[in-house]
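Participant: I have a structure here, written as structure tokens, and I will follow up with some questions on it.
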Amino acid sequence: MNSQNAIVTGASSGFGLLTSLELAKRGYQVVATMRDTTRQGKLISEAKRQGVLDKITISQLDVTSAGSVEEFKLFVSTLGNVTVLVNNAGFAAAGFAEEVPIDEYRRQFETNLFGMIAVTQVVLPIMRQKRHGKIINVSSISGRIGFPGMSPYVSSKFAVEGWSECLRLEVKPFGIEVILVEPGSYQTNIWSTGKEITERSLQEDSPYYHQMKRIEGYIQTSESQYGDPQEVAVKIAELAGSKEVTLRHPIGKGVKLTILLKNALSWKSWENQMLKRLFK
């Protein structure tokens, strides 16, 4: 097969759905994966509307299941080549660290980090043999900046950042680019229906209850300022088609400035600003 094949994980909604469509419009044969293929309706209807249905193949993939990944590996072996892998599958777990059960941390990492690693290991041999390919990992500004009440999600994204940096150094000699896209706040469902707050932090007798409610309020009042997720999809598609790119690509309103300020300020100053914004 001579076509350019792109694989997108977590394609049933949000960045994954929009990225699948954007890549298809640019001529890629897109394998849009999702854990629950009964949720493919929105992607299919949009693909029909945009005239790219013939460019999209739906494939079941639960990135946390070894059996599902192994079945997907057999399917990928039939493609002949994989030009682009977009590791997008993920969700957001929240709660104050003292109250988050270890199993909830593990579940967060199973999807956001270990699932990413598993899918990458499926695709890497093909890219390495072809000495060409791009692995685009969807991280977050939360992979650069800590936020109270969000330690499961934040720590998983920090891990994604470190792993991606190592991977880039390992595979670049084989002609493979590893890229991090670091979105700020966008109008996806990850912080609404996609957010899972540990039960204990939502109970009124929790010592962190009032802080958790303030953080929820902060997120809700900020939603009107969240960006259009299509912007991220376009960015990912542009990176997929670029010849050679740098590792990190922060995107979103105020994201670059926020990262700059964190790096420029002393920790004490940064900490005071964060706590004042959230809790005072």
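The values are calculated or read from the model by the stated rules, or taken from the named source; none is laboratory data. Just so it is clear, the structure is predicted and the values come from calculations on it, not from any experiment. Counting neighbours? That spans all protein chains shown, and the Cβs are built from the backbone with ideal geometry, glycine included.
Participant: Does segment 86-107 hold any residues that are over 24 Å from residue 38 (Cβ atoms) and outside any loop (DSSP other than H, G, I, E, B), and which are they?
Facilitator: Residues satisfying the conditions are 94, 95, 97, 98, 99, 102, 103, 104, 105, 106.
Participant: Looking at 80, 67, 27, which one is surrounded by fewer than 22 Cβ atoms within 10 Å (Cβ to Cβ), without any contact (Cβ under 8 Å) to a residue 40 or more places away in the chain and assigned to a loop (DSSP other than H, G, I, E, B)? Outline the logic, then answer.
Facilitator: Working: 80 fails: without any contact (Cβ under 8 Å) to a residue 40 or more places away in the chain; 67 fails: assigned to a loop (DSSP other than H, G, I, E, B).
Only one candidate qualifies: 27.
Participant: Taking the condition of being in a helix (DSSP H, G or I) and either over 15 Å from the mean Cα position of the chain (by Cα) or small (Gly, Ala, Ser) (or both), how many residues in segment 211-238 meet it?
Facilitator: Filtering segment 211-238 for residues in a helix (DSSP H, G or I) gives 211-225, 230-238.
Add one more test, that the residue is either over 15 Å from the mean Cα position of the chain (by Cα) or small (Gly, Ala, Ser) (or both), and what stays is 211-225, 233, 237-238.
Qualifying residue count, segment 211-238: 18.
Participant: From the set of residues in segment 1-24 that are in contact with a strand residue (DSSP E or B) (Cβ under 9 Å, 6 or more places away or on another chain) and assigned to a loop (DSSP other than H, G, I, E, B), which is farthest from residue 74 (Cα to Cα)?
Facilitator: For segment 1-24, the residue satisfying everything is 13.
Participant: So is residue 43 part of a helix (DSSP H, G or I), touching a Pro at 6+ places or on another chain (Cβ under 7 Å) and closer than 19 Å to residue 187 by Cβ or not?
Facilitator: In short, no.
Participant: Output the number of residues of segment 117-147 satisfying the condition of being free of Cβ contacts under 8 Å to residues at least 60 places away in the same chain and part of a helix (DSSP H, G or I).
Facilitator: So the count comes out to 14.
Participant: Find the residue count for segment 137-191, including only residues that are more than 26 Å from residue 83 (Cβ to Cβ), in contact with a Pro (Cβ under 7 Å, 6 or more places away or on another chain) and of a type in the set (Val, Ile, Thr).
Facilitator: Of the residues in that region, 1 qualify.
Participant: Do we have any residue at all in segment 51-59 that's more than 25 Å from residue 107 (Cα to Cα) and of a type in the set (Lys, Arg)?
Facilitator: Taking every residue of segment 51-59 in turn, at least one turns out to be more than 25 Å from residue 107 (Cα to Cα) and of a type in the set (Lys, Arg).
Results for (1) under 16 Å from the mean Cα position of the chain (by Cα); (2) at pLDDT 95 or above; (3) surrounded by fewer than 16 Cβ atoms within 10 Å (Cβ to Cβ), shown as yes or no for each residue.
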position	(1), (2), (3)
155	yes, yes, no
166	no, yes, yes
177	no, yes, no
186	yes, no, no
202	no, no, no
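Participant: Same structure again: Every residue in segment 16-58 that is among the hydroxyl-bearing types (Ser, Thr, Tyr) and either closer than 21 Å to residue 133 by Cβ or within 20 Å of the chain's Cα centre (by Cα) (or both), please.
Facilitator: Within segment 16-58, 19, 20, 28, 33, 37, 57 meet the criteria.
Participant: In the list 177, 244, which residue meets the criterion of being assigned to a strand (DSSP E or B) and over 29 Å from residue 106 (Cβ atoms)?
Facilitator: The match here is 177.
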